[in-house]
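Undergrad: Structure incoming, see below.
The values are calculated or read from the model by the stated rules, or taken from the named source; none is laboratory data. Here the structure is a predicted model, which is why all the values come from computation and not from measurement. Reconstructed Cβ throughout: ideal geometry from the backbone, glycine too, with neighbour counts over all protein chains shown.
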Amino acid sequence: MKRKNLIIKPLALSVLMSLNGYATASDSVAYYSDNQNDRVIAFDPVEMSIKAVVPTKGTKPYPIGKANDKTTYVSTRDSMSIDVLSNFDIINGTVNKKTMRKIKLKHSPRSFAYGPARGIAVVAGNSDPWATLLMPTNPGRSAVQRLFKEPKGPYNTDGSGDENGGGNTSSGHPLCGQDGLIILLNRTNRTISLFSVNQKGKAPLDTLNLANLEAEEWIDDPDIQPGSTLSSAHHVTRSPKEREKVYFASLEGSFNSSGVIETGGVLKFKIVGEEFVVVDYQPTGAAVHHLDVTEDGEYVLQGTTEDGTGQLYVLNAGADADSPMSVARVIDAGKGAGHVFSSDKRKLAVVTNHTDKFLTVIDTDVDDDGNIDDPATWTTTEAWIPRGATTDDPGNIGRDSTRADGQKIQAHTASVSGVDPQEQYYYGSAAADGIFYRIDLENLYKYASPDDAFPAEDMLDAEAELGDSYLIQGDYNWNEPSGPMGGMH
């Protein structure tokens, strides 16, 4: 389908200098990177309105995320810099040309993580498996604190065979762990490395070599076959059980021209002192993305895509920190099952199916007793998202789709932040259709039919207002006066 031409500079400048055309009634804000137009669109998720449109300094914005009340980072992946967005300007309606600034880097940015205990952020490299420490409390001065450099390895460097399944970025998503420790994922070397904000040297404190895990870690895992080369780690998260410093890494799977080399899987490990201790490896489906852990710490949830179909692997996390994992259930989901969110209050699991037209919503507390039930009893609902009409789909928003080849139907959304503090709504975007939407988690029947019009009160058609848009990744600041941060003013 022919795409519309869009001249964004006059529009962006007018929005920067004046917000009179948009409602700003709420203190909450949702940021989405418009990857094809080098801009960030700020939405009001309460009023379902546009707060501002801010051009990025760098090019090709993708991951976007909040560091603290003041600062949000925008990873402009085609630039040797990262953009810094002032939350206060957006919330207070004082957007100007200084609202978005940039920090120069020695690598292009892949994505970032924030460590609130130490007030630091780390941005991992897109072009190199490096990472830079930042100071989000004062990003304009002394922003770059330290550069962690790691060597490139034999994988994901030239587009040849034996590739990792999650793309060709040099790094995975970093994580700020306990006690000032930072976990970095080197996808070119297939390693997981541990650094500290307090260390003196440049070398990692400890490294897990996924390409030769059993031999180097002196473990004998029945799920790792002889001669196995595990794939790179894409994403890592920590168990919500604070007494256990246990982490789970999503190993994304690897492929070559002959097909699958290694399936995706989950690696369970601990950090003891300043060293990794591997607990268990559990293979799952062919290609995987992110994962989550239920709020009780009992189950690991990982979306997979195998033979063109989507599935959610539900793993028993293990009875304690040192117990192995096991597969509890495999649940059908949509194509491109990737990001997974496990809610606290409603006990729901929401799977983003990036290349499909519905979310998979799973009730993990079927008897409504406030506890997560045995996975065998979990029930599944399809929530159909807004979409434009295509040759094989009539759509449900009353206009044609503008999806280009390779664009995702559903965007990435920072898992926990995409649900409001009361867990009334799950928020997301129909990325290629340029639509910001919400799903009423109390009334899922509103989205049960692919043929019914999507409820107008639950969507904002940014593309209709701003021109062709690709809202590929979002993050949220929930700052209502009655909310968890008591407002930002």
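Undergrad: Does segment 265-273 contain any residue that is in contact (Cβ under 8 Å) with a residue 24 or more places away in the chain and not in a strand (DSSP E or B)?
TA: No, every residue in segment 265-273 fails to be in contact (Cβ under 8 Å) with a residue 24 or more places away in the chain and not in a strand (DSSP E or B).
Undergrad: In this structure, does Asp451 turn out to be under 30 Å from Gly167 (Cα atoms) and either of a type in the set (D, E, K, R) or surrounded by fewer than 19 Cβ atoms within 10 Å (Cβ to Cβ) (or both)? If you could, list the steps in order and put the result at the bottom.
TA: Values: under 30 Å from Gly167 (Cα atoms): no; either of a type in the set (D, E, K, R) or surrounded by fewer than 19 Cβ atoms within 10 Å (Cβ to Cβ) (or both): yes.
No; evaluated as a whole, the condition is false for this residue.
Undergrad: Consider only pairs whose beta carbons are under 8 Å apart and that are at least six residues apart or on different chains; among these, list those whose first residue lies in segment 312-327 and is in contact (Cβ under 8 Å) with a residue 40 or more places away in the chain and at negative phi and whose second residue is of a type in the set (Phe, Trp, Tyr) and assigned to a strand (DSSP E or B).
TA: Taking only residues 6 or more apart or on different chains, the pairs are Val314/Tyr299; Leu315/Tyr299; Ala317/Phe248; Ala317/Tyr299; Val327/Tyr313.
Undergrad: Separate question: Kindly list the number of the only condition in (1) among the polar types (S, T, N, Q); (2) in contact (Cβ under 8 Å) with a residue 60 or more places away in the chain; (3) out of contact with any strand residue (DSSP E or B) (no Cβ under 8 Å at 6 or more places or on another chain) that fails for Thr94.
TA: For Thr94, the failing item is (2).
Undergrad: Are any residues in segment 421-433 part of a loop (DSSP other than H, G, I, E, B) and either in contact (Cβ under 8 Å) with a residue 60 or more places away in the chain or over 21 Å from the mean Cα position of the chain (by Cα) (or both), and if so, which ones?
TA: Answer for segment 421-433, where residues must be part of a loop (DSSP other than H, G, I, E, B) and either in contact (Cβ under 8 Å) with a residue 60 or more places away in the chain or over 21 Å from the mean Cα position of the chain (by Cα) (or both): Pro421, Gln422, Glu423.
Undergrad: When you go through Val46, Val40 one by one, which is the residue that is hydrophobic (A, V, I, L, M, F, W, C), farther than 22 Å from Leu133 by Cα and surrounded by fewer than 20 Cβ atoms within 10 Å (Cβ to Cβ)? Please lay out each step first, then the result.
TA: Details: Val40 fails: surrounded by fewer than 20 Cβ atoms within 10 Å (Cβ to Cβ).
Result of the check over Val46, Val40: Val46.
Undergrad: Give the residue that is farthest from the chain's Cα centre (by Cα), with candidates limited to residues of segment 34-56 that are of a type outside the set (S, T, N, Q) and part of a loop (DSSP other than H, G, I, E, B).
TA: Among those that are of a type outside the set (S, T, N, Q) and part of a loop (DSSP other than H, G, I, E, B), it is Glu47.
Undergrad: Still on this structure, I have one more. Name the residues in segment 212-257 that are polar (S, T, N, Q), assigned to a loop (DSSP other than H, G, I, E, B) and without any contact (Cβ under 8 Å) to a residue 24 or more places away in the chain, would you?
TA: Gln225
Undergrad: Can you name every residue in segment 364-420 that is in contact with a strand residue (DSSP E or B) (Cβ under 9 Å, 6 or more places away or on another chain), of a type in the set (Ser, Thr, Tyr) and either at pLDDT below 95 or assigned to a loop (DSSP other than H, G, I, E, B) (or both)?
TA: Once the filter is applied, which keeps residues that are in contact with a strand residue (DSSP E or B) (Cβ under 9 Å, 6 or more places away or on another chain), of a type in the set (Ser, Thr, Tyr) and either at pLDDT below 95 or assigned to a loop (DSSP other than H, G, I, E, B) (or both), segment 364-420 yields Thr364, Thr390, Ser401, Thr413, Ser415, Ser417.
Undergrad: Let me ask something else about it. What residue, of Ile397, Ile372, Ile439, is more than 25 Å from the chain's Cα centre (by Cα) and touching a residue at least 24 places away in the same chain (Cβ under 8 Å)?
TA: On the way: Ile372 fails: more than 25 Å from the chain's Cα centre (by Cα); Ile439 fails: more than 25 Å from the chain's Cα centre (by Cα).
Result: Ile397 is the single residue among Ile397, Ile372, Ile439 that is more than 25 Å from the chain's Cα centre (by Cα) and touching a residue at least 24 places away in the same chain (Cβ under 8 Å).
Undergrad: I've got another one for you. Those residues that are of a type in the set (D, E, K, R), closer than 29 Å to Glu163 by Cβ and surrounded by fewer than 24 Cβ atoms within 10 Å (Cβ to Cβ), I need them from segment 288-334; list them, please.
TA: Hits for segment 288-334 are Glu306, Asp307, Asp332.
Undergrad: On to the next question. Of the residues Ala113, Ala117, which single one is among the aliphatic types (A, V, I, L, M), closer than 17 Å to Ser196 by Cα, in a loop (DSSP other than H, G, I, E, B) and modelled with pLDDT under 95? Walk me through how you get there before you give the answer.
TA: On the way: Ala113 fails: in a loop (DSSP other than H, G, I, E, B).
Ala117 is the lone residue from the list that is among the aliphatic types (A, V, I, L, M), closer than 17 Å to Ser196 by Cα, in a loop (DSSP other than H, G, I, E, B) and modelled with pLDDT under 95.
Undergrad: I would also like to ask the following. How many residues are acidic (Asp, Glu) and buried (at least 16 other Cβ atoms within 10 Å of the Cβ) if we restrict to segment 224-251?
TA: 1
Undergrad: If Ala432 satisfies all but one of (1) modelled with pLDDT under 90; (2) touching a Lys or Arg at 6+ places or on another chain (Cβ under 6 Å), what's the number of the condition it fails?
TA: Evaluating Ala432 over (1) modelled with pLDDT under 90; (2) touching a Lys or Arg at 6+ places or on another chain (Cβ under 6 Å) leaves (1) as the failure.
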